[in-house]
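Comments concern the structure below.
The values are calculated or read from the model by the stated rules, or taken from the named source; none is laboratory data. Since this is a predicted model, take the numbers as computed values, not measurements. Neighbour counts run over all protein chains shown; Cβ positions are idealised from the backbone, glycine included. Please note that ligands, DNA and RNA were not included when accessible areas were found on the heavy atoms of the full protein model with its side chains. Shrake-Rupley method; radii C 1.70, N 1.55, O 1.52, S 1.80 Å.
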Amino acid sequence: MTLASKTKVLILGGGCGGVAAAYTLGATPERRETFDVTLCSQGWRIGGKGASGRNAADHQRIEEHGLHLFLGFYRTAFTMLRDAYAQLNGVQDGVFPSVEEAFTPQHHVTLWAAPGDGGGAGWKDYTLMAPRWPGLPWDADEDDLRQAPDRLAELMRIEAAHVGADRLRTPLDPDRHAHAKPEERESLFAWFLDELHDMDWSLGWHVFRDLLEIGGAVLRGYFADVLPHGWNAWHRIDHLDFRAWLMMHGANASAAWSETIRVIYDLAFAYRGGDGDDLSDADIAAGACLKLILDLVAGYRGAPMWRMNAGMGDTVFTPLVKCIARQGGKIRLFQRVREIEFDGDRVVRVRMSVQAALAGQGYDPFVRVNGLDCWPSAPLWDQLSADTPRVNFEDAWTHVSIAEHVLEVGRDFDHIILAIPPAAAAPLTAGLARTNPDWACMLNTVGSASVATHSVQLWLDRTTVEAGWAESVEPVSGACAPPLGTWADMTHLIAHETWPSGQAKSCQYLVSVTELPPDLPPITVEAPHVQIEANTAGQAFTQMWLNANAHILWPGIAAPGAFDRQRIVSTYDHVNISPSERYVRTPPGSVVDRLPPDWDGVRNMSLAGDWTITSINGGSAEAALESGKTAADALARAAGVA
């Protein structure tokens with residue numbers, strides 16, 4: 001098939017959804033013969049909310065939008081990356097040799113009982129080790145969650161002699177407590193009692209009581225509200241808040257806001273307006289939340305969480321982008337969408353601002369760091385024309401345009417895939433919102449629910465243990481003092497940076513939801529000071545939070561009211577307020593207004609992103625990658641291509 005006869009697909013947006021769509025459209029020779037794919041993205045790098053950058057001025061440190069972990073039920077993400085890595089040649093191509101070497105399983109999770117819970121006046125931590133379910137996530141299938149009840153039932157096989165109240169008083173068997181497969185454990189109850197063994201009695205009783213309350217409410221609610229309509233009829237309760245649903249089915253208020261539940265709300269940034277301090281602002285669709293919990297408990301393979309062994313850009317986007325290029329797909333950077341014009345139910349025109357001119361014929365976006373091709377934290381200025389302004393091309397309030405490209409249907413594209421999140425897409429699609437009520441409704445409910453987030457990375461001159469963390473494992477921790485209550489020790493990333501030996505001994509990530517600045521101007525207004533001021537305010541808040549709470553995590557370098565800043569070697573502190581960087585929440589009643597990736601409201605436009613209908617219906621890399629793949633597969637089916 002000649003280039004002229006191919007279907008020209010224009011993908012707008014370079015996050016997970018857009019990249020997955022581009023990769024999937026070129027995944028087979030037949031598809032490459034059918035589609036001519038171009039992906040356009042603002043700025044100098046690909047990744048959207050998942051982008052990471054290397055700061056050449058500070059030891060090639062990894063700077064991210066937040067804490068990025070893949071969960072063990074991310075079937076689409078892991079399968080796509082397994083296949084992408086298999087097409088590349090490891091170090092020769094600047095990537096990890098395989099998906100196995102790109103990710104590390106994380107079995108431990110640390111939760112924090114709030115003051116007054118579990119005895120005592122302070123925060124109390126406890127660490128649970130999740131079972132190693134059979135298989136690996138890149139070999140998973142869609143039936144894993146359906147098999148979860150059978151998995152749990154299998155674990156329930158108990159010999160009465162092995163499980164009883166005195167289990168807590170018996171010495172811990174290290175072999176039994178190791179990273180065993182579920183079938184190698186005596187029983188689920190034995191495992192759970194082993195976990196309680198390390199806790200003092202008051203804390204252990206608090207955890208046991210709350211989990212019984214929550215588990216009982218989930219079972220009663222599932223059998224009453226979900227199962228009569230199908231084993232996976234999660235939508236039947238999506239109009240309710242999960243916490244309220246638990247209490248409807250018998251959980252007391254304390255259990256329904258225990259750390260076991262708070263960590264899920266924190267994971268999903270499930271706070272209206274970004275106020276993570278106010279319980280009254282906490283809400284998440286009950287069905288989507290219940291499915292998420294079941295996936296986390298029994299729907300994963302291998303481990304419940306998987307750490308990336310470098311930045312998300314290096315681990316996820318580099319291999320996918322390299323594969324897209326090999327497939328013949330084109331990626332156009334420094335292209336910002338200004339407006340999408342519609343004629344009835346058809347896209348007829350896309351107006352683009354060109355942000356920068358290239359110094360030569362092309363732009364190589366990568367820098368090589370310790371054998372990996374990585375995305376820099378700023379443009380590679382030597383590849384841009386000498387008069388290019390030194391501005392942040394990703395900032396929504398920084399308007400730089402050296403030219404306008406007007407792309408016409410039939411000439412420049414036949415079909416577009418819109419992979420820009422609704423908060424950012426709203427001003428670009430105002431014409432569609434005026435004529436299409438489904439689109440307007442989605443923008444009003446899903447788009448308006450997006451929240452800003454706050455990401456903090458601290459490189460310390462002390463190891464995590466020297467800072468006072470008593471456990472030997474690298475923690476992933478949630479439900480600590482709000483709002484920066486999600487913490488992970490990401491020290492393993494230092495090996496992929498270029499610090500002098502011993503200078504940076506640990507790397508700590510803190511993340512939270514946050515409120516948007518007051519009187520935020522629309523993005524049509526030129527106001528580059530907005531992001532700068534938001535970051536300044538975020539940095540001041542981080543210092544306040546560390547002074548008040550760092551001693552909870554790192555008592556070796558902090559005391560109540562005082563954090564020793566001399567221990568900080570480097571800091572990256574960023575508040576994600578741009579509409580394209582905000583997290584898409586799933587509040588009660590919003591799932592019904594999501595649109596499918598193969599939406600037929602506009603004949604020549606598909607959708608891609610975690611804001612569409614997916615198997616998760618919540619913000620995540622998996623939802624966005626699944627959405628992009630679904631959009632591309634639907635286009636291929638319509639074209640009669642396998």
In deg cm²/dmol and to the nearest 500, what is the mean residue ellipticity at 222 nm of the chain if only DSSP H runs of at least 4 residues count, each as -39500 (n - 2.57), divided by the residue total?
-8500 deg cm²/dmol
Taking R0 as 60 Å, what FRET efficiency do you get between Phe223 and Ala386 from their Cβ-Cβ distance, rounded to the nearest 0.05?
0.30
Between Glu100 and Ala253, how many nm apart are label points set 7 Å from Cα along the C-beta direction?
5.3 nm
Highest first, please rank the peptides 596-603, 109-116 by the mean number of other Cβ atoms sitting within 10 Å of their residues.
109-116, 596-603
Just how large is the dipole of region 244-386 about the Cα centre, in debye to the nearest 20, putting +1 at every Lys and Arg Cβ and -1 at every Asp and Glu Cβ?
760 debye
State, to one decimal in nm, how far the label point of Ala634 lies from the label point of His405, with both points 7 Å from Cα in the Cβ direction.
2.5 nm
I'd like the Karplus ³J(HN,Hα) series for region 295-307: coefficients 6.51, -1.76, 1.60, θ = phi - 60°, whole numbers in Hz, and an x wherever there's a Gly or Pro.
4, 5, 8, 9, x, 8, 10, x, 10, x, 9, 9, 7
Roughly what angle does helix 188-197 make with the longest principal axis of the chain, taking Cα atoms, 0 to 90 degrees, to the nearest 10?
70 degrees
For region 502-607, give the percent of accessible area contributed by carbon and sulfur heavy atoms, probe 1.4 Å, rounded to a whole number.
55 percent
In region 19-66, what percent of the accessible surface is made up of carbon and sulfur (1.4 Å probe, ligands and nucleic acids excluded)?
48 percent
Environment charge of Ser578, counting only residues whose C-beta is closer than 11 Å and scoring Lys/Arg +1, Asp/Glu -1:
-1
Net lengthening on full extension, Ala244/Asp277 (0.36 nm per residue, minus Cα-Cα)
10.1 nm
The answer for trypsin sites (Lys or Arg not before Pro) in region 97-149 that fall in a DSSP coil and have at most 14 neighbouring Cβ atoms within 10 Å is Arg146
Express as a percent, rounded to the nearest 5, the fraction of DSSP beta bridges in the chain (both residues included) that run antiparallel.
75 percent
At a probe radius of 1.4 Å, what is the per-residue accessible area of Asp278, in Å² to the nearest 10?
60 Å²
Point-to-point label distance, Thr571-Ser5, nm (Cα→Cβ direction, 7 Å offset)
6.2 nm
Mind pulling the angle between the C-alpha long axis of helix 318-327 and the longest principal axis of the chain? Nearest 10 degrees, somewhere in 0 to 90.
40 degrees
Using alpha carbons only, how many degrees (0 to 90, rounded to 10) separate the axis of helix 201-221 from the longest principal axis of the chain?
60 degrees
Could you tell me the convex hull volume per residue, in Å³, taken over the Cα atoms of the chain?
158 Å³
Distance from the Cα centre of region 495-534 to that of region 571-642, in angstrom?
25 Å
Rounded to the nearest 20 debye, dipole of the chain from Cβ charges on Lys, Arg, Asp, Glu:
1020 debye
Determine the gain in length on full extension of the stretch Asp143-Ala57; use 0.36 nm per residue of separation and subtract their C-alpha separation, reporting nm with one decimal.
26.2 nm
